[in-house]
Amino acid sequence: MQSEAGVSAFAGAERGVAIVTGGGRRVGAAISMLLAGRGLDVVVHYGSSSGGAAGVVRDIVSAGRRAVAVGADLRDPCRAAEHVFAAARDLGPVRVLINSASVFEDLSLEQVDERHCDEHVSVNLLAPIFLSQQFMRQLDSGSCGHIINVLDWRVHRPGADHLVYTATRSALASVTKSLAQQLAPRVQVNGVAPGAVLPPEDRPGWHQQRAAERIPLRRTGSPGDVTAAIGFLLDSGFITGEVLNVSGGEEL
Ligand SMILES: NC(=O)c1ccc[n+]([C@@H]2O[C@H](COP(=O)([O-])OP(=O)(O)OC[C@H]3O[C@@H](n4cnc5c(N)ncnc54)[C@H](OP(=O)(O)O)[C@@H]3O)[C@@H](O)[C@H]2O)c1
């Protein structure tokens, strides 16, 4: 299989269906809309944001694509992955999997407990692994596809904060590179590592403060910067195992 420069083997083929975990709100919702805008039907996965997911589905359907909202708790990652892919069957073969859902809590070593660790490992690491497994089980032997893991710039420069979160994101970066090799040549597996693109709802000023103090570009990004990076990776036929920072240089 040879791709023209800059053109994904996937780009010219039947587009099929995309799954976006955590696709019902914030960055995940922007990713769902990006994929619908690129001609894919979308499975909008959610955990508790059923209203947000229903709204995203409505927007996608009014834009002329098919979409379905699927609730599944990623703390039970194997069962959730089976459930999400079972729901996707009604739309057709899944060609794109975007693992965007995550938990992002900051506890010090003194504070961490088993619940905190289990939740981060299950949602941030095991769910993308089992979803990738389901993805491969349903992909026809003649089809190509993309898996993109939404990570975090912290995978390149762990700090003192977000101890368990960062460990699970770094582990998923490692999985990204391993699967890029294991699933080639049919599936390209890449990561996008955002920085300050949308502040946590409980800390609205946190990103601006980081921009002023330590982001080299001295500004924050937006969900649109993340979707632009995902679109770039989907268009590429010759990039796999890459983690693309979308961070204003914060990891530097
Ligand atoms: N925002 C940023 O500036 C930034 C920076 C660096 C990296 N990132 C990464 O970008 C991605 C999206 O960021 P975001 O800020 O939009 O995330 P967010 O607001 O923290 O949302 C987390 C998403 O994960 C889902 N989720 C969490 N626990 C779940 C569970 N147990 N079961 C099912 N779904 C669950 C949530 O779904 P429900 O609401 O439906 O439960 C939600 O859609 C994440 O991977 C994040 O780590 C974001």
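The values are calculated or read from the model by the stated rules, or taken from the named source; none is laboratory data. What you are looking at is a predicted structure, and each value in this text was computed from that prediction instead of being measured. FYI the Cβ positions are ideal-geometry reconstructions off the backbone, even for glycines, and counts take in every protein chain you see.
A few notes on this one:
- Residue in the stretch 176-195 that is nearest to residue 233 (Cα to Cα), counting only those that are small (Gly, Ala, Ser) and surrounded by fewer than 23 Cβ atoms within 10 Å (Cβ to Cβ): 180
- Residues that are more than 13 Å from the chain's Cα centre (by Cα) and closer than 20 Å to residue 151 by Cβ were ranked within the stretch 85-106; the one that is nearest to the ligand (Cβ to nearest atom) is 104.
- Which listed residue is within 14 Å of the ligand (Cβ to nearest atom), under 22 Å from residue 34 (Cβ atoms) and either among the basic types (Lys, Arg) or not in a helix (DSSP H, G or I) (or both), from 248, 237: 248
- Some residue of the stretch 113-124 being outside any helix (DSSP H, G or I), surrounded by fewer than 18 Cβ atoms within 10 Å (Cβ to Cβ) and at pLDDT 95 or above: yes
- Complete set of residues in the stretch 214-226 that are of a type outside the set (A, V, I, L, M), within 11 Å of the ligand (Cβ to nearest atom) and part of a helix (DSSP H, G or I): 223, 225
- Flag for residue 109 being surrounded by fewer than 18 Cβ atoms within 10 Å (Cβ to Cβ) and within 30 Å of residue 206 (Cα to Cα): yes
- Unique match (being away from the ligand (no atom under 16 Å from the Cβ), more than 15 Å from the chain's Cα centre (by Cα) and either modelled with pLDDT of 95 or more or of a type in the set (Gly, Ala, Ser) (or both)) among 196, 211, 184: 184
- Condition met for residue 75 (at pLDDT 95 or above, under 30 Å from residue 159 (Cβ atoms) and more than 16 Å from the chain's Cα centre (by Cα)): yes
- Listed by position, the helices (runs of 4 or more DSSP H) contained in the stretch 24-108 that have at least 3 residues being over 18 Å from residue 127 (Cβ atoms) are 26-37, 50-62.
- The stretch 156-181 - residue that is among the small types (Gly, Ala, Ser) and touching a residue at least 60 places away in the same chain (Cβ under 8 Å) and, of those, nearest to the ligand (Cβ to nearest atom): 173
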